[in-house]
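To start, the structure under review is shown below, and the notes come after it.
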Amino acid sequence: MAPFTPFFSEYCYQTTSKGESVHFEMYPKKFETQEDTFESAKEVIETIRLIREQKQISLKTPIREATVYCSLEFRNRLDRYLETIAKECNVLKISFNDEDAISVTLKAKPYYENLKKDKATMKKKEDIIRQFTENDIENILQRDLEYEGLVFKKDDIMIVKELTSNKDGLSKISKSFILTLDNTLTKEVLELRDAREFNSFIQQLRKKLGLKSEDDVYIDIQSDYIKEVCSKHFNIVFGIEGEKVGEEQYKEGNEYKVTVYQKKNN
């Protein structure tokens, strides 16, 4: 079959296409799949979680805002996953800005794979490279540089970006974007945090008491604040109607007794 296959392929192409020859066709372009775009969203999620972990910010505490500095192309990849990112990372608002809108500094680091080829000069080159300025970095990309009798090539260094200002540690540079978090504890953030913590407490208490999801209950707690913030965000019914089925202590700054009443079925 080998001698005939090229001719048969050409025959099939000319029979089914208006093109002159299959050999003149370009390879088809790669189309971005949903899986490709989700990898970008996953990278953002992992970066937010990493900052949370490093700054010891509990996942129960909402982040007021996450700002992604990136290209328009990268932003478009994230569009369909914004709700997922916000939910997975407990972020109230996700904003975007141009990648040039945040100040970064270029730093040079030794590329040891290349430097170790000449071990006699490696240590001295390493020390000099760490002193490179941004101007040195720009110049070495255009031509070889000479310092203290040593020649430096662009392959001798790795260029990394560092944020000009990151005193609070709430920013990270990734390959495709820069991300900053605003974890200001506003009234809205604190109320949502407290409401979620109490709702989680109630769900665990229901499970402990053997209540099913379809069982209607009333919750009694002597805290107007808890009642107010939970009523804004969750469908928790407060009252003392029905049959008492259990109680437990809840700590929210102060300690409160929480009593659960099961609604009687008519």
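Taken together, the values in this text are just the output of simple stated rules run on the coordinates, not laboratory data. Computed from a predicted model, the values in this text were never measured in an experiment. Every residue, glycine as well, gets a Cβ built from its backbone with ideal geometry; the counts of neighbours run over all protein chains shown.
Here are the numbers:
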item: Per-pair calculated FRET efficiency, R0 = 41 Å: Q249 and S103 via Cβ, rounded to 0.05; result: 0.25
item: ³J(HN,Hα), Karplus 6.51/-1.76/1.60, whole Hz, each residue of the range 131-139, x for Gly, Pro; result: 9, 4, 8, 4, 5, 4, 5, 4, 5
item: Candidates I221, I236, I140, ranked by Gaussian network fluctuation over the chain, Cα under 10 Å, top entry; result: I140
item: Radius ratio Rg over Rh of the range 37-100, counting only Cα atoms, Kirkwood formula for Rh; result: 0.95
item: Relative contact order of the range 104-163, pairs being alpha-carbon contacts under 8 Å that are 6 or more residues apart, as %; result: 52 percent
item: Rel. contact order, % - alpha carbon contacts under 8 angstrom, at least six apart, the chain; result: 16 percent
item: Packing-based exposure ordering (other Cβ within 10 Å, fewest first) of R80, R49; result: R80, R49
item: Cα gyration tensor shape of the chain, rounded if a/c is under 1.5, else prolate or oblate by comparing a/b with b/c; result: oblate
item: Among I94, I129, I51: highest mean-square fluctuation, GNM of the chain, C-alpha pairs under 10 Å; result: I129
item: Ranking of I85, I240 by count of other Cβ atoms within 10 Å, fewest first; result: I240, I85
item: Dimensions (Å) - the range 72-194, Cα atoms, principal axes, largest first; result: 63, 29, 24
item: Residue exposure sequence - K119, K172, K93 - by fewest surrounding Cβ within 10 Å; result: K119, K93, K172
item: Between the range 112-144 and the range 72-88, the Cα center-to-center distance that results, in Å; result: 39 Å
item: Charge dipole magnitude, Cβ of K and R +1, D and E -1 - the chain, Cα centre, debye nearest 20; result: 640 debye
item: Rough spin-label spacing in nm, given labels placed 7 Å along Cα→Cβ, for V151 and C12; result: 5.5 nm
item: Long-range amide H partners of I63 with built H, under 5 Å; result: V91, L92
item: Extension reserve of the E73-L185 stretch, reckoned as 0.36 nm per residue once the Cα distance is removed; result: 37.1 nm
